[in-house]
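Let me begin by presenting the structure, written as structure tokens, before commenting on it.
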Amino acid sequence: DLHGAVSRMAQAMSGMGVVAGARIAAYMPNMPETVIAMLAASSIGAIFSSASPDFGVQGVVDRFGQIAPKLLILADGYYYGGKTLSCFDKLPEILGRMPSIEKAVVVPYIDATLSPVKGMVTLDSFLGPYEAAEIEFAQLPFNHPLYIMFSSGTPGAPKCIVHGQG
């Protein structure tokens, strides 16, 4: 199941023009679709980064603004401390402040009846045209980065740390 999901996600990413070196950002909790997106990005050679959905708009823009992602994948919300919290309402402002984002893909996590708004598609729509197939892994140099992780560091702007395969 994981292989098929990663295959479909990688095909969808490639279909929208994601290539090796492109940045993919995830504004998602720890959930299977987050791992699937990271593995799909890695198979293409794209560089993956993520931020917790409990970050506000400014926190997301501070981090992802440094890396200019082409694709943003986000959950509509998350669960924390027995509460259901929405982050869907932050999307219009995030998209308005991040012109590099060509497509926003929302994963309905807390609301299965979610309707897309301008500038986004649902995960089912994004993956719709693709069937599970063999994954063609990009052949990359040893030092090609796979993901960008942000540390909280000292007060002020978050520090960007790029990690490669080695």
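The values are calculated or read from the model by the stated rules, or taken from the named source; none is laboratory data. Here the structure is a predicted model, which means the values were calculated and not measured. Cβ: placed from backbone, ideal geometry, glycine included. Neighbour counts: every protein chain shown. For the accessible areas, the whole protein counts, side chains as well, though only heavy atoms, and no ligand, DNA or RNA atoms are used. Shrake-Rupley method; radii C 1.70, N 1.55, O 1.52, S 1.80 Å.
In region 38-51, the qualifying residues are those that are assigned to a helix (DSSP H, G or I) and open to solvent by 10 Å² or more (accessible area, probe 1.4 Å), and the one that is farthest from G77 (Cα to Cα) is I44.
Scanning region 9-37 for residues that are crowded, with 22+ Cβ neighbours inside 10 Å and assigned to a helix (DSSP H, G or I) yields a total of 6.
Among the residues of region 52-85, those identified as part of a strand (DSSP E or B), in contact with a Pro (Cβ under 9 Å, 6 or more places away or on another chain), surrounded by fewer than 16 Cβ atoms within 10 Å (Cβ to Cβ) and not aliphatic (A, V, I, L, M) are Y79, Y80.
Within region 116-137, the set of residues being open to solvent by less than 40 Å² (accessible area, probe 1.4 Å) and not in a strand (DSSP E or B) comprises L123, F126, L127, I135. Tell me, please, whether a residue that is farther than 19 Å from G17 by Cβ, modelled with pLDDT of 90 or more and in a loop (DSSP other than H, G, I, E, B) can be found in region 89-98. There is no residue in region 89-98 that is farther than 19 Å from G17 by Cβ, modelled with pLDDT of 90 or more and in a loop (DSSP other than H, G, I, E, B).
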